[in-house]
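Where a number appears in this text, it was derived from the coordinates with a stated rule and is not lab data. Since we're looking at a predicted model, the values are computed, not measured. Heads up, the Cβs are rebuilt from the backbone with ideal geometry, glycines too, and the neighbour counts pull from every protein chain shown.
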Amino acid sequence: MRPRIQILDDSLTQQIIAEAKRILAEVGMEIRGPALKQRLLDAGLPQTPDGRILFPPDIVERALATAPRSFTLYDRDGNACAEIGGDNVHFTPASSGLKILDHRTGETRLANTADFVEYVRLGDGLSNIAYLATAFSTNDDIEALVSDAWRLYLCLTNSRKPIVSGAFTEHGVGRMADMMQFFRHDRADLIARPMSIFTITATGMFRYSEDSCQNLIDCVEAGIAVEIVPVTLMGLIAPVSLVGATVFHTVDTLAGVVMAQIIKPGAPVLFGGAPAEFHMRAATSPMLGIQALKLDVAYAAIGKALGLPTQAYMALSDAKFLDAQAGAETFGSALMAALASVNSVSGPGMLDYVLTFSLPKLVYDDDLCGQVLHFVREVKPLDDLPTMELVREVMAEQHLITAEHTMAHWPQELYMPSPVTDRDNRENWTRAGSKDLVRRATDEVERRLAAYEPLETDPLIIDEMQQIIIAGMSEVAPLPEVPTPAGHTGAATDDGGRRRKRRFAR
């Protein structure tokens, strides 16, 4: 068996699903994107006098019947990388940050391109981070209209891993799909071997914005898997009670699943979310509050009951630094996510209400995620039932260090984290420099960055991707400089961008 957590029984799960379906059928959703709204009307969904779209039960059921129970993410080279579904758990960095906690100066500041490139190169080598995310903004380095494409470009040219991303504007998906297609034979191959998941945000209050509506259409038609992520604020726009909040959350998420299937039956969709508690006295919205975490686990159970892959914002922290709170919140929520079989867990590396990213935290979180994944492995006998032979051996030898059973199983059964996690006795720890967690994690960041080996990318592909980015700018400007990896020499990879800029300027 596999270790699990369960907070909803089967009866309550079905009641929540039934109530959510009733709200969809009788209250419906405000669909602000005219193109998507028309598609829903053309598909036979009714409209209320005030323009809300209703979701009849039979249409919801048909959509759930076509939604895949799982799908495969592929890396840049087209190799299968992650099976999203079932009990599989994958960790990916959280998204939407603006700042970086600079591990060299201790300063928290707005992030830039150099920070983002270091993050991608670091994440590329972390074994428990299954795929990357366009985790934080490069801010003023590049204009907002193409900042989503710029971050995708930096991921594609510095890592082979799949990517969780999304478009910042109503029409940003197309250029990003075009960039990913350079690493496939054609659009059909990109659809057959997807390399990304894009986030579609439900805005709450049973509403989808213009941007989310158009992005949903564009992603599904381009063959990009989508995660439907409502930001359910308990106590503000959703009930503070667990069951009521789960119903609200299910309404928003299920509507996105249904709309994706109406656009294209069989489109891969994750039943996701980023809930938080709203605390009136403090005017804060912690995602790591214990009630918000219960909602994460609850809606994951709803997604499983509906036969859908799941996503959640967990394995992160609201703390401001890599401290005891950060470790406790990250490990605790990562373990809950894994016990709930959340398929795609967005969180490692992130602090401060998903505003601040930390590279030392990312390497520490990689360690924590590895321990969590070890914990939720299937429990089964390993040549240890019956146990009498092992009893006799320990009685005779007074140890099992050299026992055949130990030698056969210890490499897989005893998890040894990296040096970032302190497992030394005090004497050895002192001899190693008496380093605290932040120092150990910072040293590991620098070691990994120094060891990073640059990827080779066809210069023609680099040139074409830069052309796509520049073509989307409102005013032509040079692309930001991309730093050369530590320990390597050569021209920065923005040279082609500057050449292309001059050609475009003419």
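Under the 0.36 nm per residue contour assumption, what length would be gained going from the current alpha-carbon distance of L382 and A451 to full extension?
Length gained, L382 through A451: 21.1 nm.
With unit charges on the beta carbons (Lys and Arg positive, Asp and Glu negative) and the dipole taken about the Cα centre of the chain, which residue among T92, M234, V27 sits farthest to the positive side?
V27
Would you be so kind as to identify which of N128, L437, A300 lies farthest towards the positive end of the dipole of the chain, taking Lys and Arg as +1 and Asp and Glu as -1 on Cβ and the Cα centre as origin?
Of the listed residues, the answer is A300.
Kindly rank 104-114, 83-93, 440-450 from highest to lowest mean number of other beta carbons found within 10 Å of each residue.
83-93, 440-450, 104-114
What does the C-alpha gyration tensor say about the overall shape of the stretch 42-113? Classify as rounded when a/c is under 1.5, otherwise prolate if a/b is larger than b/c, or oblate.
Cα axes put the stretch 42-113 in the oblate bin.
Charges at C-beta only: +1 for Lys and Arg, -1 for Asp and Glu. How large is the resulting dipole of the stretch 345-464 about its Cα centre, in Debye rounded to 20?
600 debye
For a quick protection proxy, order the peptides 308-318, 184-194 by their average other-Cβ count within 10 Å, most packed first. Mind dumping the intermediate values first?
Working: 308-318: 28.5, 184-194: 15.8.
In descending order of packing, they fall as 308-318, 184-194.
Under a crude label model (7 Å from the Cα following the beta-carbon direction), how far is D189 from Q38 in nanometres?
About 3.4 nm separates the two model spin labels.
Between F168 and R431, what FRET efficiency follows from the Cβ-Cβ distance if R0 is 41 Å, with the result rounded to 0.05? Walk me through the numbers before you get to the answer.
Values: r = 50 Å, r/R0 = 1.21.
Plugging the Cβ-Cβ distance into 1/(1 + (r/R0)^6) gives 0.25.
Can you order the peptides 377-386, 200-209 by their average number of other Cβ atoms within 10 Å per residue, highest first?
Listed from highest to lowest mean packing, they are 200-209, 377-386.
State the extension gain, in nm to one decimal, for the chain segment bounded by A305 and A65, taking 0.36 nm per residue of separation less the distance between their alpha-carbons.
Full extension of this stretch gives 85.1 nm more.
For the stretch 181-240, taking Cα atoms only, what is the radius of gyration to one decimal and the Dmax to the nearest whole Å?
When restricted to the Cα atoms of the stretch 181-240, Rg and Dmax are 15.0, 49 Å.
Compute the distance from the alpha-carbon center of the stretch 389-442 to that of the stretch 236-305, in whole Å.
40 Å
Taking neighbour counts of Cβ atoms within 10 Å as a proxy for exposure, in what order, fewest first, do H409, H249, H103 appear? Mind showing how you got there, number by number?
Details: H409 14, H249 28, H103 20.
So the residues, fewest neighbours to most, are H409, H103, H249.
I need the calculated FRET efficiency for the pair E389 and E413, taking r as the beta carbon distance and R₀ as 25 Å, to the nearest 0.05.
On the way: r = 17 Å, r/R0 = 0.70.
About 0.90, to the nearest 0.05.
With a ≥ b ≥ c the root eigenvalues of the C-alpha gyration tensor of the chain, is it rounded (a/c under 1.5), prolate (a/b larger than b/c) or oblate? Spell out each step's value before the answer.
Values: a/c = 1.71, a/b = 1.13, b/c = 1.51.
In terms of gyration-tensor shape, oblate.
Taking the Cα centre of the stretch 213-310 as origin, work out the dipole magnitude from +1 charges on Lys and Arg Cβ and -1 charges on Asp and Glu Cβ, in debye rounded to 20.
Working: 4 positive and 6 negative charges, 48 e Å.
Its charge dipole is roughly 240 debye.
Give me the dipole magnitude in Debye, nearest 20, for the stretch 65-375 about the Cα centre, with unit charges on the beta carbon: positive for Lys and Arg, negative for Asp and Glu.
Magnitude of the dipole: close to 460 debye.
Reachable lysines from K99, Cα under 21 Å, same-chain residues fewer than 8 places away excluded?
Qualifying lysines at Cα under 21 Å: K320, K361.
Membrane-span-like helices in the chain: DSSP H runs reaching 30 Å or more (Cα, own axis), mean Kyte hydropathy at least 0.0?
Correct list, ordered by number: 242-263.
Which listed residue (W410, A260, L373) has the Cα farthest towards the positive end of the charge dipole for the chain, taking +1 on Lys and Arg C-beta and -1 on Asp and Glu C-beta about the Cα centre?
A260
Looking at the chain, send over the antiparallel percent of its DSSP beta bridges, to the nearest 5.
Around 30 percent of the beta bridges assigned by DSSP in the chain are antiparallel ones.
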